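Below: one structure, written as structure tokens.
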Amino acid sequence: MNKKVRLFLAIIILSVSISLLIWGYMPNKHETRVQPIAPAEMQLP
């Protein structure tokens, strides 16, 4: 392969990996869901 092509591919792979690394460390959106449970459903069978 040509040296310029290898350098171009290396820069693309490096930028993709750095962007995925930054995306992985971004904090997730926290969701809280309230689900009411009737007392009749809390009994053992």
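Is at least one residue of region 34-45 of a type in the set (Gly, Ala, Ser) and surrounded by 10 or more Cβ atoms within 10 Å (Cβ to Cβ)? No, that holds for no residue. Selection over region 32-43 of residues that are modelled with pLDDT under 85 and assigned to a loop (DSSP other than H, G, I, E, B) gives a count of 1. Taking the criterion of being among the small types (Gly, Ala, Ser) and over 27 Å from the mean Cα position of the chain (by Cα), would at least one residue in region 24-45 satisfy it? Yes, some residue in region 24-45 is among the small types (Gly, Ala, Ser) and over 27 Å from the mean Cα position of the chain (by Cα). Would you pick out the residues in region 1-23 that are among the β-branched types (Val, Ile, Thr) and more than 19 Å from the chain's Cα centre (by Cα)? Across region 1-23, the qualifying residues are 5, 11, 12.
The values are calculated or read from the model by the stated rules, or taken from the named source; none is laboratory data. All figures in this text were calculated on a predicted structure; none of them were measured in a lab. Ideal geometry is used to build each Cβ from the backbone, glycine not excepted, and the neighbour counts take in all protein chains shown.
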